[in-house]
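Below is one structure, written out as structure tokens; the observations come after it.
Please treat every number below as a calculation from the coordinates, not as lab data. Just so you know, these numbers come straight off a predicted model, no measurement behind them. Don't worry about glycine lacking a Cβ; one is built from the backbone with ideal geometry, like all the others, and counts go over all protein chains shown.
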Amino acid sequence: MSKIKLGMIGSGFMARFHARAIKQVRNIDIAGLIRRSASEELAVYVRKNGLGDGIIYDSIAEMAQHVDALAIYTPNYARLDILEEIVNAVQAGAQIKGVICDKPLARNVAEARKMVDIAEKAGLRTAYFENQVFMKALTAQLAQLAPQQATMGPMFLVRAAEEHAGPHEPWFWDPVRQGGGVLLDMGCHSIAASWYALTPPGRPVTYLQPVSVWADCALLKWGLPRWQIRLKAERGVDYASTPAEDFVTGMVTYRNPETGQYVKGQFTSSWVYEKQGMRLSMDGIGPGYAFEMNTLNSSLEIFIGDAAAESASDAELAVEKATATRGLIPIQDNEADLYGYTDENEEAAAAFLAGRDALLPWSYGLEIMKLVMAAYMSAERKCVIDLTNIKIQQELETFIPLIQQGRGAELLSRD
Ligand SMILES: NC(=O)c1ccc[n+]([C@@H]2O[C@H](COP(=O)([O-])OP(=O)(O)OC[C@H]3O[C@@H](n4cnc5c(N)ncnc54)[C@H](O)[C@@H]3O)[C@@H](O)[C@H]2O)c1
């Protein structure tokens with residue numbers, strides 16, 4: 001068999017993006033979807049583009065009988081219930097080779113650990129989808145700079161940032177359902193991408209040992225009266241009573257287990273970024289070499305003047321989370337590839353076909369969750385979190401950030 005028959009659970013933003021990616025991938029057919037409000041539209045896209053049969057099923061139990069792998073593209077709060085349905089289907093005889101889960105693996109360490117344990121007990125192969133690790137800009141710089149890393153020594157500082165003006169669905173804004181604000185939603189990307197970029201080429205993805213984390217979370221824009229009112233009216237979320245952070249910056253320090261060298265990954269995520277659309281930027285520095293990328297830089301720009309702006313209907317055709325329909329606009333004509341979705345799909349399918357976990361299994365998603373929760377802990381306690389401390393490691397297992405508990409005001413109204 002050279003192709004995986006994939007069943008997608010969730011037909012929203014992420015499922016649509018992955019379908020655009022799979023158009024460029026040769027080892028996946030989108031065989032099934034679960035019936036929800038947007039599934040018919042996605043099924044039409046799948047069939048029209050020859051991506052698979054895109055049959056809509058009423059339940060996971062039913063779809064699991066007709067596919068080889070399943071992908072969880074549903075909101076963070078629905079993860080464990082869906083995994084339970086998958087495991088029930090496997091126990092009822094479904095031949096599932098592997099399960100994909102998009103970031104984050106869950107809302108906290110306890111939930112993420114359950115995801116890992118349940119999948120392992122059921123004998124499922126797993127893929128944690130962290131697309132930024134697969135971005136061609138990142139993998140190309142690693143390949144280009146491999147000789148320099150080998151002769152001069154590894155990269156010692158990576159700064160990764162992902163910023164846009166705010167997410168597209170109400171549940172992302174709700175700190176209880178999502179699990180937090182921008183730190184959980186997007187900090188998980190930048191933490192993973194910087195960890196990967198710092199890792200000496202050829203080493204396992206968790207080779208560098210995280211030793212400490214600090215972070216500062218803030219509510220800079222969406223707590224201001226005008227924006228708070230808009231958020232309540234448009235998304236039904238009240239940041240006066242249950243706010244989440246819309247900005248975070250922080251640092252993870254890693255130790256090279258062979259040389260003892262300390263290296264640093266700085267992350268910044270925001271829902272307050274006001275420019276043409278989403279900006280994903282990263283730079284890295286090693287002894288005598290460096291790399292830098294910014295997804296808002298494109299070789300194609302268009303200009304739409306005021307007179308012509310009326311005819312521009314869909315700003316997001318230009319770039320994800322675009323907020324303007326006029327002026328000078330950079331165009332990214334293959335975002336699914338730019339952000340790494342093509343390569344992560346291809347790699348996961350190849351791994352499942354070979355009977356193994358993907359490069360980033362769910363156990364890796366659990367490690368990312370620990371770092372994200374340590375960042376919330378640092379912001380709450382206003383101190384550096386020592387990850388080598390056994391007591392801290394134990395606390396992280398059950399730690400639920402104030403923001404996730406719906407008590408964000410206690411943190412975000414402080415200085
Ligand atoms: N890698 C990235 O850059 C990236 C970007 C956006 C979202 N995501 C992740 O992808 C996941 C989905 O996000 P999204 O933006 O597509 O959200 P969305 O709200 O646009 O879509 C969610 C989909 O899940 C369906 N759904 C909800 N509950 C369900 C259930 N119990 N069973 C079956 N289907 C259910 C909804 O009907 C909808 O089709 C989230 O975990 C999010 O963090 C990742």
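Hey, could you get me the Stokes-Einstein D for the stretch 28-81, Kirkwood radius over alpha-carbon pairs, 25 °C and 0.890 mPa s, rounded to whole µm² s⁻¹? It diffuses with D of about 210 µm²/s by this estimate.
Taking a ≥ b ≥ c as the square roots of the Cα gyration tensor eigenvalues, with a/c under 1.5 meaning rounded and otherwise prolate when a/b beats b/c, else oblate, which class fits the stretch 316-368?
Numbers: a/c = 5.53, a/b = 2.46, b/c = 2.25.
Judged from the Cα gyration tensor, the stretch 316-368 comes out prolate (a/c at least 1.5, a/b above b/c).
In this Cβ point-charge picture (+1 for Lys and Arg, -1 for Asp and Glu), the chain has a dipole of about 440 debye about its Cα centre.
Build a GNM of the chain with springs between Cα atoms under 10 Å: which of Leu157, Leu280, Leu220 gets the top mean-square fluctuation? Checking each option, the largest mean-square fluctuation is seen for Leu220.
Can you quote the Å³ per residue value for the convex hull of the Cα atoms in the stretch 48-139, rounded to an integer?
So the per-residue hull volume is 130 Å³.
Length gained on full extension, Ala122 to Ser413, computed as 0.36 nm times the residue gap minus the Cα-Cα distance: 100.4 nm. Translational diffusion of the stretch 347-400 was estimated from the Stokes-Einstein equation, with Rh taken as the Kirkwood radius over Cα pairs; at 37 °C and 0.692 mPa s the coefficient is 256 µm²/s. Here the Karplus curve 6.51 cos²θ - 1.76 cosθ + 1.60, taken at θ = phi - 60°, turns the phi angles of the stretch 158-165 into couplings of 10, 10, 10, 9, 9, 9, 8, 8 Hz, with x standing for Gly and Pro. For the stretch 141-298, a simple Cβ point-charge model (Lys and Arg +1, Asp and Glu -1, everything else neutral) yields a dipole of about 80 debye relative to the Cα centre.
Shape call for the stretch 109-195 from the C-alpha gyration tensor, a ≥ b ≥ c root eigenvalues: rounded (a/c under 1.5), prolate (a/b greater than b/c) or oblate? Oblate shape, in that a/c is at least 1.5 and b/c is the bigger or equal ratio.
Among rounded, prolate and oblate, which fits the stretch 316-407 when a ≥ b ≥ c are the square roots of the eigenvalues of its C-alpha gyration tensor, a/c under 1.5 means rounded, and a/b larger than b/c means prolate? Verdict is oblate for the stretch 316-407.
Considering only Thr126, Gly166, Ala69, the residue lying farthest towards the positive end of the dipole of the stretch 49-172 is Thr126, judged by Cα position with unit charges set on Cβ. Of the options Val182, Leu328, Met115, report the single residue whose Cα projects farthest towards the positive end of the charge dipole of the chain (beta-carbon charges: Lys, Arg +1; Asp, Glu -1). Of the candidates, Met115 comes out farthest on the positive side.
The convex hull drawn around the Cα atoms of the stretch 254-374, when projected onto a plane and averaged over every direction, covers 11.6 nm².
Restricted to Cα atoms, the stretch 125-269 shows a radius of gyration and a Dmax of 17.9, 57 angstrom. Cross-link partners for Lys114 among the lysines, with Cα-Cα distance under 27 Å and sequence neighbours closer than 8 places in the same chain left out: Lys5, Lys97, Lys103, Lys370, Lys391. Summing charges over all other residues whose Cβ lies under 12 Å from the Cβ of Gly355, with Lys and Arg as +1 and Asp and Glu as -1, gives +1. Under a 5 Å amide H cut-off, with hydrogens placed 1.01 Å from N, Tyr57 pairs with Leu33, Ile34, Arg35 among residues at least 5 apart or on other chains. Its residue count N fixes a reference of 2.2 N^0.38 Å for the chain, and the Cα radius of gyration divided by that reference is 0.97.
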